[in-house]
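J.: Got a structure for you, written out below as structure tokens; questions coming shortly.
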Amino acid sequence: MLVITAILGSARDPAFAGPLHAVSHAGGLEYLEVTLRDAQRRRYRGKTDCGTDCALTLPRDIRLGNGDVLLLETDRAIVVRVDVERWLRLRPRDAEVALRLGYHAGNLHWRVRFAEGDLLIMLEGPREDYLARLEDFLRNEEIEVGNDA
């Protein structure tokens, strides 16, 4: 297991561009895929796309960001990829349904926001898992699923 206690820099930094490009052409560039929620944690354990087991222990004031370089060696590098936020858009049929839907989302601790009368739920897992939790609303045609934001 690779223990990481600091972020070296950003892949967008010109100082890292050349070395990362060389490592990439040699087949040694690995990506650690992290959800947006996990990127806010200071301790995290995950595997890169090549299977390298990584344990991150970062100082409290440091947060992972997309493109952060965690390891840079002559033949291997590890770069963070943070998932893009995805939002499930739901339009309740009426005010009563909107109230029940909001209560339901709150009980499940879903992160939400509101836009144009719709409830948007941040997807932090498979979309199908969220729709399964909304099955009663969908079956009773109380909500309409819109285009994801």
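J.: Residues of the stretch 45-69 with amide nitrogen under 13 Å from the 7 Å Cα-to-Cβ point of Ala22?
T.: none
J.: A follow-up question, please. Remind me, what semi-axes does the stretch 79-120 give for its equivalent ellipsoid, largest first in whole Å, using sqrt of 5 times each Cα gyration tensor eigenvalue?
T.: Computed over the stretch 79-120, the values are 25, 12, 6 Å.
J.: By DSSP, what percent of the beta bridges with both residues in the chain are antiparallel, rounded to the nearest 5?
T.: Of the beta bridges lying entirely in the chain, close to 70 percent run antiparallel.
J.: Moving to a separate point now. For the stretch 2-82, build the charge dipole from Cβ charges (+1 Lys, Arg; -1 Asp, Glu) around the Cα centre, then report which of Leu8, Leu72, Cys50 sits farthest towards its positive end.
T.: Selected residue: Leu8.
J.: Can you tell me what share of the DSSP beta bridges in the stretch 2-82 is antiparallel? A percent to the nearest 5 is fine.
T.: DSSP beta bridges in the stretch 2-82 are roughly 55 percent antiparallel.
J.: Give the angle, between 0 and 90 degrees and rounded to the nearest 10, that separates the Cα long axis of helix 95-107 from the longest principal axis of the Cα atoms of the chain.
T.: Tilt relative to the chain: about 40 degrees.
J.: Enter the Cα centre distance for the pair the stretch 81-149 and the stretch 29-78, rounded to the nearest angstrom.
T.: For the stretch 81-149 versus the stretch 29-78, the Cα centre distance is 30 Å.
J.: Then there is this: Take the Cα atoms of the chain, find their three principal axes, and give me the spread along each one in whole Å, biggest first.
T.: Here the Cα extents, ordered largest to smallest, are 60, 29, 25 Å.
J.: Further, regarding this structure: Starting from the Kirkwood radius over alpha-carbon pairs of the stretch 2-82, derive D by Stokes-Einstein at 20 °C in a medium of 1.002 mPa s and give it in µm² s⁻¹.
T.: Translational D for this selection: 171 µm²/s.
J.: Taking the 0 to 90 degree range and rounding to the nearest ten, how far is the long axis of helix 14-25 tilted relative to the main principal axis of the chain, both from C-alpha atoms?
T.: Here the helix axis deviates by roughly 90 degrees.
J.: While we're on this one: In the stretch 15-77, which trypsin sites (Lys or Arg not before Pro) are in a loop and have at most 11 other Cβ atoms within 10 Å, using DSSP for the loop call?
T.: Arg60
J.: Here's a follow-up. May I ask you to sort Glu128, Glu85 by Cβ crowding, counting other Cβ atoms within 10 Å and putting the fewest first?
T.: If I rank by nearby Cβ atoms, fewest first, I get Glu128, Glu85.
J.: Output the Kirkwood hydrodynamic radius of the stretch 87-145, Cα pairs only, in Å rounded to one decimal.
T.: Here the Kirkwood hydrodynamic radius works out to 11.3 Å.
Taken together, the values in this text are just the output of simple stated rules run on the coordinates, not laboratory data. If you're wondering where the values come from, they're calculated on a predicted model, not measured in any experiment. Heads up, the Cβs are rebuilt from the backbone with ideal geometry, glycines too, and the neighbour counts pull from every protein chain shown.
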